[in-house]
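The values are calculated or read from the model by the stated rules, or taken from the named source; none is laboratory data. Fair warning: this is a prediction, and the values are worked out from it, not measured in the lab. Because the Cβ atoms are built from the backbone with ideal geometry, glycine has one as well, and the counts that use them run over all protein chains shown. Side chains included, ligands, DNA and RNA excluded: accessible areas come from the protein's heavy atoms. Shrake-Rupley method; radii C 1.70, N 1.55, O 1.52, S 1.80 Å.
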Amino acid sequence: QRLKAAVHYTVGCLCRDVAEDGAVQFSKQAVAAISEVTFRQCDNFAKDLEMFARHAKRSTVNTEDVKLLARRSSALLKHITQKSEELASSNMEQKEKKKKKSGAAKGVRTWEHPEAAVLEGEDSNMA
């Protein structure tokens, strides 16, 4: 119910914005109808995404499932693909930074204190 109310509120805000930009007005019944259709469509999308993942023998929905869902809208598919690539690139950059930071920290410790590396090696042999 809370989710449905949030969808209704958001649709109302969007309709108000559209009404301010142009000469179109939305009745309360129209806003309610758009909200209901939007909510049902989102519910269908969620079920489809779940089925796509299950068909691929996965329990997690991934970006390929979302792209498959958006395949009928070329503009939406292009946007999702672009955002997906941006996220993947950003994640790779974060991993590289983390790897460099981690490698530098390890190198500094052993370089400044070579006896620590020897002691670590002896401890692992004794275990």
* Does A5 satisfy the criteria of being more than 30 Å from A88 (Cβ to Cβ), small (G, A, S) and modelled with pLDDT of 95 or more? -> yes
* Filter result for S90 (assigned to a helix (DSSP H, G or I), small (G, A, S) and either out of contact with any Cys (no Cβ under 8 Å at 6 or more places or on another chain) or surrounded by 10 or more Cβ atoms within 10 Å (Cβ to Cβ) (or both)) -> yes
* From the set of residues in region 1-44 that are β-branched (V, I, T) and open to solvent by 60 Å² or more (accessible area, probe 1.4 Å), which is farthest from L69 (Cα to Cα)? -> V24
* Give the number of residues within region 45-59 that are surrounded by fewer than 13 Cβ atoms within 10 Å (Cβ to Cβ), assigned to a helix (DSSP H, G or I) and of a type in the set (G, A, S). => 1
* From V24, V66, V61, which residue is at pLDDT below 95, in contact with a helix residue (DSSP H, G or I) (Cβ under 7 Å, 6 or more places away or on another chain) and among the hydrophobic types (A, V, I, L, M, F, W, C)? -> V24
* What are the pairs, 6+ residues apart or on separate chains, where a residue within region 1-30 that is touching a residue at least 12 places away in the same chain (Cβ under 8 Å) has its Cβ under 8 Å from a residue that is assigned to a loop (DSSP other than H, G, I, E, B) and of a type in the set (F, W, Y)? -> C15/F26
* Since K106 meets every condition but one in (1) at pLDDT below 95; (2) surrounded by 13 or more Cβ atoms within 10 Å (Cβ to Cβ), which condition does it not meet? -> (2)
* Members of region 1-44 found to be among the aromatic types (F, W, Y) and either in contact with a strand residue (DSSP E or B) (Cβ under 9 Å, 6 or more places away or on another chain) or in a helix (DSSP H, G or I) (or both), listed by number -> Y9, F39
* Structure fact -> Selection from region 60-84 of residues surrounded by 11 or more Cβ atoms within 10 Å (Cβ to Cβ), in a helix (DSSP H, G or I) and not hydroxyl-bearing (S, T, Y) yields E64, D65, V66, K67, L68, L69, L76, L77, K78, H79, I80, K83
